[in-house]
Amino acid sequence: MNIAILSRNPKLYSTRRLVEACQQRGHEVHVYNTLKCYMDIASLRPGISYKGQRINGVDAVIPRIGASITEYGLAVVRQFEMMGVFPLNESVAIGRSRDKLRALQLLSRKGIGLPITAFANQAENTHDIIQLVGGAPLVIKLLEGTQGRGVVLAETNKAAESVIDAFRELRANFMVQEFIREAGGADIRCFVIGEKVVAAMKRQAKEGEFRSNLHRGGVASLVKITPEERSTAVRAARIMGLNVAGVDILRSNHGSVVMEVNSSPGLQGIEAATGKDVAAMIVSFIEKNAAPYRTRTRGKG
């Protein structure tokens with residue numbers, strides 16, 4: 001097979017591992033900088049070019065699109081879809097997961113456990129949305145934030161009001177969530193491929209920090225997940241429409257709650273914590289499922 005990887009940095013661990021896995025299984029693989037791809041929007045003849053050459057003969061594309069280039073990245077993935085290329089994750093599904101508010105609305109509609117969340121636009125709603133999530137302590141999140149950036153823990157209602165007012169002054173989109181104190185600064189990352197959790201790790205925040213992201217000093221370790229957590233992770237990925245996803249779960253007093261569904265989950269932490277060759281599992285999934293125009297949307301929507 002001819003497999004394309006969309007990544008701005010071929011030296012990143014996840015990108016390198018995917019290239020290695022493709023090559024070890026006998027596939028031709030090319031890494032394309034997403035921002036350097038340009039599209040030929042021609043009637044009945046969609047195309048993508050890269051460094052002056054038209055990209056042809058691609059059987060599958062693996063999108064590794066950073067949050068800062070989501071809009072352009074989705075356009076490139078849609079173009080591949082319209083060319084009949086099989087996407088590991090479809091553009092519509094990636095778009096759903098990147099829109100944090102939309103993702104929570106979709107998960108809520110299907111009965112997935114979630115932290116109590118509030119969202120409002122007007123300043124006069126500040127007191128009400130704080131009370132909706134049970135008051136302080138509470139978490140305030142920028143909708144565009146990733147890897148723990150743009151996430152603030154407000155210990156008091158007064159502090160929450162100050163942060164909310166500051167975000168509004170910046171015209172930033174944000175949501176307010178209950179703080180799951182009993183999680184103890186830890187979450188569970190479930191790595192879903194297809195209809196199965198293939199690996200799971202516990203991420204523990206460093207002392208004095210509530211965000212467990214590995215990029216913020218969190219420590220990963222092997223964890224045994226419950227049947228409920230396994231089912232929740234698979235359902236969450238399916239609701240988003242993602243074939244591959246990192247589903248972040250908190251253990252709360254009222255059961256498993258999903259914090260986020262990541263469409264481009266990193267491989268370094270999960271492979272190190274579990275010892276599993278997750279990259280090879282991803283390529284195996286592509287081998288079993290890739291076919292021309294085998295997408296739900298074919299670039300539409």
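Readers should treat all values here as calculations from the given coordinates under stated rules, not as data from a laboratory. Just so we're clear, the structure is a prediction, and the values are computed from it rather than from any experiment.
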Summing -39500 (n - 2.57) over every DSSP H run of at least 4 residues in the chain and dividing by its residue count gives a helix-only mean residue ellipticity at 222 nm, to the nearest 500 deg cm²/dmol, of -9500 deg cm²/dmol
Assign one of three labels to the stretch 182-284, namely rounded, prolate or oblate, based on the Cα gyration tensor with a ≥ b ≥ c the square roots of its eigenvalues; rounded applies when a/c is under 1.5, prolate when it is not and a/b is larger than b/c, and oblate otherwise.
oblate
Candidates (i) 35, 22, 17; (ii) 29, 28, 16; (iii) 39, 21, 16; which is the computed semi-axes √(5λ) of the Cα gyration tensor in Å?
(i)
What are the residues whose amide H is under 5 Å from the amide H of Ile48, where those residues sit 5 or more places off or on another chain and H is modelled from the backbone?
Asp40, Ile55
Please list the non-local residues whose amide H lies under 5 Å from the amide H of Asp277, H modeled 1.01 Å from N, same-chain partners needing a gap of 5 or more.
none
Averaging sequence separations of C-alpha pairs under 8 Å and six or more residues apart, then dividing by the length of the stretch 27-144, give the relative contact order as a whole percent.
17
Cα centroid separation - the stretch 53-103 against the stretch 1-29, whole Å
16
Relative contact order for the chain, counting Cα pairs under 8 Å that sit 6 or more residues apart, in percent
20
Could you work out the relative contact order of the stretch 2-95, using alpha carbon pairs under 8 angstrom and six or more residues apart, expressed as a whole percent?
29
